[in-house]
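Notes to accompany the following structure.
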């Protein structure tokens with residue numbers, strides 16, 4: 001392909017934009033208005049996949065039908081409970097207390113919409129937190145932005161000191177699994193240079 005493909009990131013996440021910029025993709029950013037409510041009996045991977053697709057379709061329907069639309073949704077899963085973004089400081093404290101000393105999963109659904117094609121995949125990474133006490137959690141909450149982050153933490157920020165180990169894609173924990181995205185654009189016969 002010679003002509004560059006217009007690329008839209010259907011997300012308000014600065015981290016997703018940062019990660020795409022890292023691989024030299026500079027998408028136009030559009031913020032989708034999608035209600036992120038879990039349907040009865042919906043499993044975590046189905047939920048993030050559905051929300052990712054809904055975000056992409058919301059933007060595509062706003063007159064971007066010929067562009068590559070990238071969208072994603074990330075949740076944290078611990079003890080079979082889905083955790084999204086905290087509603088406030090108390091909620092963030094509760095989330096971090098729950099993650100302390102345990103393994104949780106970070107699940108991201110990624111959707112690519114391009115012309116008549118639709119590809120949806122999920123990435124799962126296991127993260128083990130060391131034991132953290134209330135004082136450590138409060139110090140973290142005093143000094144870090146946590147409101148727009150699933151599980152109330154960003155692995156690339158100050159919460160990195162809580163992470164004992166990970167099993168899976170690091171960039172998935174940041175909110176956008178780059179290797180998975182790369183494999184998805186190849187299915188569409190698109191190269192990074194086309195974007």
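Consider residue 96 against the criteria (1) crowded, with 21+ Cβ neighbours inside 10 Å; (2) under 30 Å from residue 5 (Cα atoms): it satisfies all of them except one. Which criterion is unmet?
(2)
Taking the conditions exactly as written (assigned to a loop (DSSP other than H, G, I, E, B), modelled with pLDDT under 95 and out of contact with any helix residue (DSSP H, G or I) (no Cβ under 9 Å at 6 or more places or on another chain)), does residue 41 satisfy them or not?
It is true that residue 41 is assigned to a loop (DSSP other than H, G, I, E, B), modelled with pLDDT under 95 and out of contact with any helix residue (DSSP H, G or I) (no Cβ under 9 Å at 6 or more places or on another chain).
Just checking, how many residues over the range 62-106 are more than 16 Å from residue 149 (Cβ to Cβ), more than 13 Å from the chain's Cα centre (by Cα), in contact (Cβ under 8 Å) with a residue 40 or more places away in the chain and in a strand (DSSP E or B)?
The number of residues fulfilling the criteria is 2.
Could you please find all residues in the range 19-38 being in contact (Cβ under 8 Å) with a residue 60 or more places away in the chain and either on the phi > 0 side of the Ramachandran plot or out of contact with any helix residue (DSSP H, G or I) (no Cβ under 9 Å at 6 or more places or on another chain) (or both)?
24, the sole residue that qualifies.
Which condition number does residue 146 fail, the rest of (1) under 20 Å from residue 78 (Cβ atoms); (2) touching a strand residue (DSSP E or B) at 6+ places or on another chain (Cβ under 8 Å); (3) crowded, with 16+ Cβ neighbours inside 10 Å being met?
(2) is the only condition that residue 146 fails.
Residue 160 versus (1) within 29 Å of residue 9 (Cα to Cα); (2) part of a helix (DSSP H, G or I); (3) touching a helix residue (DSSP H, G or I) at 6+ places or on another chain (Cβ under 6 Å): which is the lone unmet condition?
All conditions are met except number (3).
Please enumerate the residues belonging to the range 136-157 that are without any contact (Cβ under 8 Å) to a residue 40 or more places away in the chain and closer than 15 Å to residue 99 by Cα.
Result: 136, 155.
Restricting to the range 161-170, what's the tally of residues that are over 23 Å from residue 70 (Cβ atoms) and either in contact with a strand residue (DSSP E or B) (Cβ under 9 Å, 6 or more places away or on another chain) or modelled with pLDDT under 95 (or both)?
Of the residues in the range 161-170, 6 are over 23 Å from residue 70 (Cβ atoms) and either in contact with a strand residue (DSSP E or B) (Cβ under 9 Å, 6 or more places away or on another chain) or modelled with pLDDT under 95 (or both).
Scan the range 114-122 and give yes if some residue there is surrounded by fewer than 16 Cβ atoms within 10 Å (Cβ to Cβ), assigned to a helix (DSSP H, G or I) and either without any contact (Cβ under 8 Å) to a residue 24 or more places away in the chain or in contact with a strand residue (DSSP E or B) (Cβ under 6 Å, 6 or more places away or on another chain) (or both), otherwise no.
Scanning the range 114-122 turns up no residue that is surrounded by fewer than 16 Cβ atoms within 10 Å (Cβ to Cβ), assigned to a helix (DSSP H, G or I) and either without any contact (Cβ under 8 Å) to a residue 24 or more places away in the chain or in contact with a strand residue (DSSP E or B) (Cβ under 6 Å, 6 or more places away or on another chain) (or both).
So in the range 171-187, with the set limited to residues that are surrounded by fewer than 16 Cβ atoms within 10 Å (Cβ to Cβ) and in contact with a strand residue (DSSP E or B) (Cβ under 9 Å, 6 or more places away or on another chain), which one is nearest to residue 151 (Cα to Cα)?
Result: 179.
Answer yes or no as to whether residue 17 is under 16 Å from residue 111 (Cα atoms) and either touching a strand residue (DSSP E or B) at 6+ places or on another chain (Cβ under 7 Å) or outside any strand (DSSP E or B) (or both).
The answer is yes for residue 17.
If you scan the range 6-21, which residues turn out to be surrounded by fewer than 17 Cβ atoms within 10 Å (Cβ to Cβ) and over 16 Å from the mean Cα position of the chain (by Cα)? Walk me through it before giving the result.
Of all residues in the range 6-21, those surrounded by fewer than 17 Cβ atoms within 10 Å (Cβ to Cβ) come to 6, 12, 14, 18, 21.
Listed by number, the list holds a single entry, 6.
The values are calculated or read from the model by the stated rules, or taken from the named source; none is laboratory data. Small disclaimer: the values here were computed from a predicted structure and weren't measured. Heads up, the Cβs are rebuilt from the backbone with ideal geometry, glycines too, and the neighbour counts pull from every protein chain shown.
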